[in-house]
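The values are calculated or read from the model by the stated rules, or taken from the named source; none is laboratory data. Here the structure is a predicted model, which is why all the values come from computation and not from measurement. Glycine gets a Cβ as well: all are built from the backbone with ideal geometry, and neighbour counts include every protein chain shown.
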Amino acid sequence: MDPPKEGSGETGISPSGKRLMKVKQEISEKMKRDKKEAKDSIAGRVSKRVKKKDVSRGSASLGPHSPSSLKIQEVVNLMVQAHGQKELARVCSSDETPETTPEGWFCIHEKYISKCHLRFPLPDLLLDLLDHYQLALSQLCPSVIRVINGFITRAKEEGVAVGLTELMSLYTIKESSSKDGGSGTYYHPCRPRLSLFKSSGSDDDWRKKYFYVKIDPTTVPVGRALSVIWSDISDIEDPPKLTDKLSRALFRKLYQSPNTWASFTISRIGSARFPERYNARFLDPIPAKDLEEKTQAPKMRPSFRTRSKSAAAASASRGSDKTQGGAFLSSLKEVLDDGSSVPVRDVNPVETRAQDVVPRPEVPPVEVNPQAARDPLEVEPPRNKRSQTDLGDRPTRSSSPSSRGGTVGWNFTHSKPGSILDDPWVWQPS
């Protein structure tokens, strides 16, 4: 190949080299396009997440809620049940959701009133929770309303002044999720071993029915603000809590059995929230910090080694098994001899003697036949029992000939041939 001429612009690269360079340029341009498309795709997904999470007033997004299925008459009945004015409530249109609540109104779910006994005006403890976490009322699951109503009721019945600090000392708040899309709503789980209430029933369909209520002194206490914008609490710290000791003391004070939600009736919750209306009286409330935990130290069972030592010591103090009986009798004798009682005398066993047999007057004496004594068919009368007056010293055996191998007592035989019934002195039946 001829070298390139000066000023001709030729580089002296072979055709194969040019084709290789062209392929490299095409690959480089394709990689750049792919990277740009990937970045655009990621940015689009992130933008959608941000828009879904940062929903504001007037947004067309419906969020996790579908249009409400409540009718006008149902809304009126709910307002009457909640001690509110029916003019202060209205149904939601098809394009209105809890996330699109207008200014001057707040959204409330049907389950709050019908199943959780929420009444107007809203309780201060509920407003404190919403204000601290910057949440809208419609972001709370029904279980939160139950916990707050039950917490207020038990505190009123026990005479304890409670607030957000005491509530969050026994409970925490977490974001909920479900197959229907519950992102943005929150529930109230209890802290470990501090469960005051047990819920009954399911609230899976609680998002389907809701309506708007106007902010008014009869619905929201004067001077209290109520947010209508949905927000996220991931960056919000929890309020200060009681110490572990005081938290346990508060739990023991408020806990009772049964603690199911069925025991918290409408009148019971209403009496705690509105004592004047229900003509109810309660104890004067004291601060929760004044509660003292009264716990007894658990009784520890002695270890196996300690029990073995105590058993051995007790056995040694009593003496061996062979001497326990004699020691007991000696101590019993000392007790009987003490004082003015007559001393116990040793009773010597009496030697067994043959008793004299005296024939009855009307029966003639019977002669003993010496030959009958050698009769093998002798009848031996029962032996006399030995004396057992003293268990410590056994009686000695009798030295009489009858007690050394012979029979004890006298053997009697009939001296005349024939039956004894033939004798004239034997009584005959008439």
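Results, tabulated for the structure shown:
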read-out	value
Test set (1) surrounded by 15 or more Cβ atoms within 10 Å (Cβ to Cβ); (2) closer than 22 Å to ALA82 by Cα - SER169 fails condition number	(2)
Candidates ARG268, ARG277, filtered to the one that is of a type in the set (D, E, K, R), at pLDDT 95 or above and touching a helix residue (DSSP H, G or I) at 6+ places or on another chain (Cβ under 8 Å)	ARG268
Output for the stretch 185-208, where each listed residue is of a type in the set (D, E, K, R), assigned to a loop (DSSP other than H, G, I, E, B) and at pLDDT 90 or above	ARG191, ARG193
Residues being of a type in the set (Gly, Ala, Ser), buried (at least 17 other Cβ atoms within 10 Å of the Cβ) and in contact (Cβ under 8 Å) with a residue 40 or more places away in the chain - total across the stretch 64-94	3
Residue check for TRP261: surrounded by 14 or more Cβ atoms within 10 Å (Cβ to Cβ), at pLDDT below 95 and in contact with a Phe, Trp or Tyr (Cβ under 7 Å, 6 or more places away or on another chain)	yes
Lone unmet requirement of (1) over 17 Å from CYS107 (Cα atoms); (2) more than 19 Å from the chain's Cα centre (by Cα); (3) buried (at least 18 other Cβ atoms within 10 Å of the Cβ) for PRO240	(3)
So ASP216, is it of a type outside the set (Phe, Trp, Tyr) and more than 25 Å from the chain's Cα centre (by Cα)	yes
Any hit, the stretch 110-117, residues being basic (Lys, Arg) and either touching an Asp or Glu at 6+ places or on another chain (Cβ under 9 Å) or surrounded by fewer than 22 Cβ atoms within 10 Å (Cβ to Cβ) (or both)	yes
Options ARG268, ARG281: the member that is surrounded by 12 or more Cβ atoms within 10 Å (Cβ to Cβ) and at negative phi	ARG268
Output for the stretch 228-287, where each listed residue is closer than 22 Å to MET168 by Cα, of a type in the set (Lys, Arg) and part of a loop (DSSP other than H, G, I, E, B)	LYS241
Which numbered condition LEU127 misses (of (1) of a type in the set (A, V, I, L, M); (2) crowded, with 23+ Cβ neighbours inside 10 Å; (3) out of contact with any Asp or Glu (no Cβ under 8 Å at 6 or more places or on another chain))	(2)
Verdict on PRO102 being surrounded by fewer than 21 Cβ atoms within 10 Å (Cβ to Cβ) and of a type outside the set (Asp, Glu)	yes
Qualifying residues in the stretch 13-44 (those that are in a helix (DSSP H, G or I) and polar (S, T, N, Q)) - the one farthest from the chain's Cα centre (by Cα)	SER16
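Results for (1) in contact (Cβ under 8 Å) with a residue 40 or more places away in the chain; (2) among the hydrophobic types (A, V, I, L, M, F, W, C); (3) in contact with a strand residue (DSSP E or B) (Cβ under 8 Å, 6 or more places away or on another chain), shown as yes or no for each residue.
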| position | (1), (2), (3) |
| --- | --- |
| ASP203 | yes, no, no |
| ARG207 | yes, no, yes |
| TYR212 | yes, no, yes |
| ILE215 | yes, yes, yes |
| GLY223 | no, no, no |
| LEU226 | yes, yes, yes |
| TRP230 | yes, yes, no |
| ASP235 | no, no, no |
| THR243 | no, no, no |
